[in-house]
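Inspection log for the structure reproduced underneath, given as structure tokens.
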Amino acid sequence: MPLDSDNNGEAQPRTNLLAGAVSVAAILLFVGTGSGVLSKTLAFYFAGGQPADRSLVIALLLNVALILFGWRRHRELSQEVQIRAAAEERAQQLASRDPLTGFLNRRSLSEEGAAMFVRAQRRRRAMALIMLDLDHFKTINDMHGHAVGDALLRGVAAEIAAVMPPVSITARLGGDEFACGFLFDPAEPATVERIAEKLVSRMAQPFDAEGFKLHISCSLGIARSDFDCAGIEALMRSADIAMYQAKKAGRNRFAWFDQSMERELQARNELESGLRLAIPRQEIVPYFEQQIDLSTGRLHGFEVLARWEHPQRGLISPELFIPIAEETGMIAELSLSIMRQAFLAARDWDPSLSLSINISPWQLRDAWLAQKIIKVLTETGFPASRLEVEITESSLFENLALAQSIVGSLKNQGVRLALDDFGTGYSSLAHLRALPFDRIKIDKSFVLSLNENPDSAAIVNAIVGLGESLNLPITAEGVEDAAIEERLRAIGCAKAQGWYYGKPLSVTGARRLLAERRLLQAQLAQDAEPAQAPDNAGQRFAG
């Protein structure tokens, strides 16, 4: 087939050329024969002369037919040229424009943006580039379908176009991400901020799409060409970094790019690259925070925390690497690695000591999470009855049914369940009824201010009272001094944890602590053995 197509493509110009040559020859013949035939015909009818030669008449008629053929072919060729020109124009438009919104696409933004960047330099102006990303747009598609999502994007594009200055460029970069560029006076950045504020304000208003009233917001990043920017690509990258900073700051806002953002991004990327190597190398290790029984003062168990023992940077806080692990999908591998190490370390501890493990909200999206945890328990030989899984209220908001399934599988194996950070979530009482919790943990933000803030004290009292009415013991996090501990004991809180009882311990540190308190199984067995009498004792008593 390709060979035939090529042959046809080569033959068509030859055919067109031949048709043109035939038409020209026909016209020349018509001029040559037409005058002779016409004069003889007129003389025959009006002056009684000889009729025109029959062969000349036939030749003239053939010339006329050939001329008509050439004219028809010319008309067809003209129509074909118009169709091809329209198709090429359409193809060029599709190659440079987003078909849904009519905005420029990413490639065209680079080309047109580069031209605007140069104009800004020549005119001693600055080019502003705004990157706009809709917040939670995926939820719209998931709930209402892509047709509604497309209608929303068209509405968003119309609003963006209405806000932009007369001379500007607008582009849709894919999905729900847009870009806008325009020139402004470098001494008047407030003009750019006014446009950004209008965009943020308008995107927060409801949109009508396919009969639905939709509520969204947007995050904007702004970069300017006159601040150490080499070209349009650097400008786009800076605006993109600023946009993600706006998202990180809480969404529904705009942010100007500055160099500190780039340094922060570089540091984050270095952490991400290091984390991919650190997890399989087991540089991320468990640390153990003591949990104390307030009624007896005895050690009840430990909460397992993750720490990164970096070979060059030393101990890295989980506040730095846990969010990266969640964003990149590494949290599942990291969590299971921490569990495995902690279970192996705690196998020979006193059987009365429990381990509490935090489950990330991202992990609760995995329908196989319970099976993965049970597999680690089985492979390490750690009893399921000594494990307490902690989940936060916020993690239940996304998919309560899936969380119920995961929790049910774990409970069937004897694993206990704690509701972490109680009081900071969405619907605490509803979740307490929906899942079979064994314990409630009060968020440390309330505990730390227990003796200074009457509102915190009231919340802690209410949670403890709720726990008593539901027969759920309460653990308080963030105990940092004796006064807080005493207040919690008076209120009726069952357990507590925090730096008042010591900083989190490494595996070696925890083992040393347990050895000092004789809470290792080898020591327990040794203590349980009866004193052995000398070999001749029996003979002595017998004698």
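Worth a mention:
- Cα-based shape type of segment 167-285, given that a ≥ b ≥ c are square roots of the gyration tensor eigenvalues and the cut on a/c is 1.5: oblate
- Taking all protein chains as shown and a probe of 1.4 angstrom, Lys411 keeps an accessible surface of around 60 Å².
- Segment 298-374 shape via C-alpha gyration tensor axes, a/c threshold 1.5: oblate
- Portion, in percent, of the accessible area of segment 91-160 that falls on carbon or sulfur, probe 1.4 Å: 50 percent
- Counting only Cβ charges, +1 for Lys and Arg and -1 for Asp and Glu, the dipole size of segment 326-378 around its Cα centre is about 180 debye.
- What a 1.4 Å probe finds exposed on segment 188-308 is 48% carbon and sulfur by accessible area, rounded to a whole percent.
- Signed unit charges on C-beta, dipole axis of segment 237-303, positive-most listed residue Ala242, Ser273, Phe302: Ala242
- Rounded, prolate or oblate (a/c below 1.5 giving rounded, otherwise prolate when a/b exceeds b/c) for segment 90-182 by Cα gyration tensor: prolate
- In segment 367-464, a dipole from Cβ-located charges (positive for Lys and Arg, negative for Asp and Glu) runs towards its positive end, and of Ile391, Thr378, Leu429 it is Thr378 whose Cα lies farthest in that direction.
- Per residue accessible area of segment 334-447, 1.4 Å probe, in Å²: 40 Å²
- Accessible area (Å², per residue) of segment 174-264, counting only protein heavy atoms and a probe of 1.4 Å: 48 Å²
- Ignoring lysines fewer than eight residues from Lys411 along the same chain, the ones with Cα atoms less than 23 angstrom from its Cα are Lys372, Lys375, Lys441, Lys495.
The values are calculated or read from the model by the stated rules, or taken from the named source; none is laboratory data. Computed from a predicted structure; not experimentally measured. Glycine gets a Cβ as well: all are built from the backbone with ideal geometry, and neighbour counts include every protein chain shown. Accessible surface areas use protein heavy atoms only, side chains included; no ligands, DNA or RNA. Shrake-Rupley method; radii C 1.70, N 1.55, O 1.52, S 1.80 Å.
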